[in-house]
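Only one structure is covered here, and it is reproduced in the block below.
The values are calculated or read from the model by the stated rules, or taken from the named source; none is laboratory data. Values in this document were obtained by computation on a predicted structure and should not be read as measured data. For neighbour counting, all protein chains shown are included, and Cβ atoms are generated from backbone atoms with ideal geometry for every residue, glycine included. Note: accessible area is taken over every heavy atom of the protein model, side chains too, but ligands, DNA and RNA are not part of it. Shrake-Rupley method; radii C 1.70, N 1.55, O 1.52, S 1.80 Å.
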Amino acid sequence: MYRFLPGIARPKDADFLRRYMSFEKFVSLLGTKSLFFTRADKFEDPFEGFMPPSVRSIYESEANSFESNDLRKSIAKWRKYILCSCWHHGNEESAAMWEKYHMHNSGIAIKTTVGNFKNCLGEGYNVFIGKIKYINHYEYEVPQNLPEKSIYTWYFHKRKPFEYEREFRAIIAHYPSFLRDYIDNEGNLISPKTILNRDFPDICEIGMPFDIDVNTLISEVITSPYTDDWVTDTVRSVVKQYGFDFDVNPSPLLKEPSETV
């Protein structure tokens, strides 16, 4: 089941998405027929899931015994249970994304649409999806149309220096059983005071794979603009070995003008 949060931009089903990854991760996707969702606390940005002070004050006003720093630390602990799949949203390739992941030799990008992404996971998943909104957290004022008490809301916000990513994101919350009573289906904390100073055990090391229909997800595979032709041929061979028949093409990003115009 897919959910949308009020105030978070919803892409159209026909919009294109690309996931930039290493060749090894691509082979793993084909072999396991699963898509890996990464723990939010494993991303390089320490502000992932950051709850603005104006939002924390809402909780603090409900229980005057809260101390802001304790609440902030407790909310941050929930990041290990928020699993994310991050995609570049746009019609064109991104030179910045190839550079970000240092994929000069064997990197690939898998291309899909929002609609195909939604369909590839099938039934049984509770997934929040939307486009990332880029803001200045330190000056941010919470708009009235946002569900400010939902901790999921802040996983769809990042700081403006990351705006080049043009990110579409899907998140799956995977909590240990004892914590499920503290949050509702919309991600609102229930009795947040009770989570202070609780243990938050790991349930996975880096993230978790979720089964997908690979043919539904992937419409095209694009090899790095920096790589040689034999790498593209190798990727085509691997795709066939795993029983798939989607197109594998070299990126045209760095082709000479006479070859593309």
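Data for the structure
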item	result
Some residue of segment 78-88 being under 24 Å from L179 (Cβ atoms), at pLDDT 90 or above and of a type in the set (A, V, I, L, M)	yes
Unmet requirement for L35, which otherwise passes all of (1) touching a strand residue (DSSP E or B) at 6+ places or on another chain (Cβ under 7 Å); (2) of a type outside the set (F, W, Y); (3) open to solvent by less than 10 Å² (accessible area, probe 1.4 Å); (4) under 18 Å from I132 (Cβ atoms)	(4)
Check on E167, modelled with pLDDT of 75 or more and open to solvent by 60 Å² or more (accessible area, probe 1.4 Å)	no
Selected residue (criterion: modelled with the highest pLDDT) from residues of segment 229-261 that are open to solvent by 90 Å² or more (accessible area, probe 1.4 Å) and over 22 Å from I218 (Cβ atoms)	L254
Residue list for segment 209-220, restricted to those being part of a strand (DSSP E or B) and within 19 Å of the chain's Cα centre (by Cα)	P209, F210, D211
Hits in segment 157-176 - residues which are assigned to a strand (DSSP E or B) and within 13 Å of the chain's Cα centre (by Cα)	H157, K158, E167, F168, R169, A170, I171, I172, A173
Residue within segment 44-66 that is modelled with pLDDT under 90, in a helix (DSSP H, G or I) and open to solvent by less than 20 Å² (accessible area, probe 1.4 Å) present	yes
Residue in segment 170-197 that is surrounded by the fewest Cβ atoms within 10 Å (Cβ to Cβ), counting only those that are among the hydrophobic types (A, V, I, L, M, F, W, C) and modelled with pLDDT under 70	L196
